[in-house]
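The values are calculated or read from the model by the stated rules, or taken from the named source; none is laboratory data. None of these values were measured; they are calculated from a predicted model. Heads up, the Cβs are rebuilt from the backbone with ideal geometry, glycines too, and the neighbour counts pull from every protein chain shown.
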Amino acid sequence: MTIAESKSQNLSYQELLDLDTHEVNPTLRLTSDVDFGTISIPTDRYTSQEFFDLEVEKIWKKAWQMACREEHIPNVGDTYVYDIVGTSILVVRSAPNEIKAFYNACLHRGRQLRECSGHAGDVIRCPFHALAWHLDGTLENLTTAWDFPQVEPDNFSLPEVKVASWEGWVFINMDPHCEDFYEYIGELPKHFEKWAPHKKFISAHVAKRYPVNWKVAQEAFMEAFHVIATHPQILTGTGDCNSQYDVFGNFSRAITPNATPSPHLQWSPSEQEIFDAITDKRLDEDAMANVPDGMTARAFAAKVARDRLRPAVPNVDEYCDAEVNDSMYFTLFPNFHPWGAFNRINYRFRPVGTKVDECLMECIYTEDFEGDDRPPPADYIELGIDQEWTELIPVIGNLARVFQQDSFNLPKVQKGLETFKADGLTLTKYQELKIRHWHSMAERFIAN
């Protein structure tokens, strides 16, 4: 069975685009026919210390990964601490138009130079014995230099890691021989160029720890297949089976249409019921607005969204219904998930330290703002394993309820994987294409 044959026979996403009331962004017309077959995924990739150690050495220490936003370090002397699998990286605004990154360890006794993000001043100074380095990593002060006869100051700079920026995001790579970043991301800039993420600001930055392998958490947010069972309340306004999945080099993309009913429904909702579903109307509440006669919920939802966005995005009428309605979720291997168009969501998943079965999920909201002055980035909020996403409803709205539903599954998945006795995980061929792509990429990195 080909990829085309394995897709849902319901209305395709491209057919939905044909009904758009505005000119469609050409990138949404791009499709791929990459086929990873139907091979099973070994469960030890989620439970094995041996495979985790391979990930550390072959993926985390070799792959480009998002560390922070440029707005986290807007001023010279600002620093951001990024920790991954036992390694601490210090990202530094070393000059107005320059960002550097170093291994976050003093060359004297190994103490972390900075244990938290913030402004370092003119130098990076170790709190232990006051050795210091300039923001470009060269030595500034060697306390009691007379007692370090073996040290040549010109050769005592902080070890660097590779750094690159794209659309306001800062990436690092610990491999000095890594592929050029812009070659690595391929045509990803083409997809995001019109949406200009670098012009947005961080309106929320929240996270939660889970007692699961980091991929168990990540993969729960890479497909719409789970909506029917995990989020049934949104089926009236979410075309889960109408989703389109594509692979483009080192990144993948899924697009799930909203303001259109799920093909799983055994009844036909009215346009008003569809609109009420996507606006999270409760039984005891009035509708946010009434869909005009002769207008679809999808077209009306797009109009409402444009009216809301217009103060911050004066040219919002240049964007099609799909761009203001739909969920467009990309994955850049290994763990960065920026959402396209006017979706505020950006995900990052990573292990906690070197634990096989504990991870951190982050959700970073980025959105447009009015005027020329970028608001400061929102404070970081982290929930512990036993805390619930619903505590953050005031911060991220109804998405917190959706996350809570996802959270219910994750520990049970980890437990099941540790109990698993079959030959491997049996994934769908098409709807879990993004997950298959990730494992294909992992195999490539590990083989190299």
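With respect to the conditions (1) more than 20 Å from Gln244 (Cβ to Cβ); (2) touching a strand residue (DSSP E or B) at 6+ places or on another chain (Cβ under 7 Å); (3) not charged (D, E, K, R), Ile345 falls short on a single one, namely (1).
A single entry from Ala259, Ala305, Ala299, Ala217 fulfils the requirement of being closer than 30 Å to Glu193 by Cα, in the same structural domain as Asp44 (by TED's automatic domain parsing), within 22 Å of the chain's Cα centre (by Cα) and of a type in the set (A, V, I, L, M): Ala217. Between Leu433, Leu410, Leu417, the distinction of being farther than 27 Å from Val206 by Cβ and modelled with pLDDT of 95 or more belongs to Leu433 only. Could you check segment 177-215 and list, in sequence order, the residues that are surrounded by fewer than 16 Cβ atoms within 10 Å (Cβ to Cβ) and part of a helix (DSSP H, G or I)? Selection gives Tyr182, Glu183, Pro189, Lys190, Glu193, Lys194, His198, Lys199. Picking from residues in segment 264-295 that are within 23 Å of Thr230 (Cα to Cα) and touching a helix residue (DSSP H, G or I) at 6+ places or on another chain (Cβ under 7 Å), the one that is surrounded by the most Cβ atoms within 10 Å (Cβ to Cβ) is Phe275. Scanning segment 249-275 for residues that are farther than 19 Å from Asn343 by Cβ and touching a residue at least 40 places away in the same chain (Cβ under 8 Å) returns Gly249, Asn250, Pro263.
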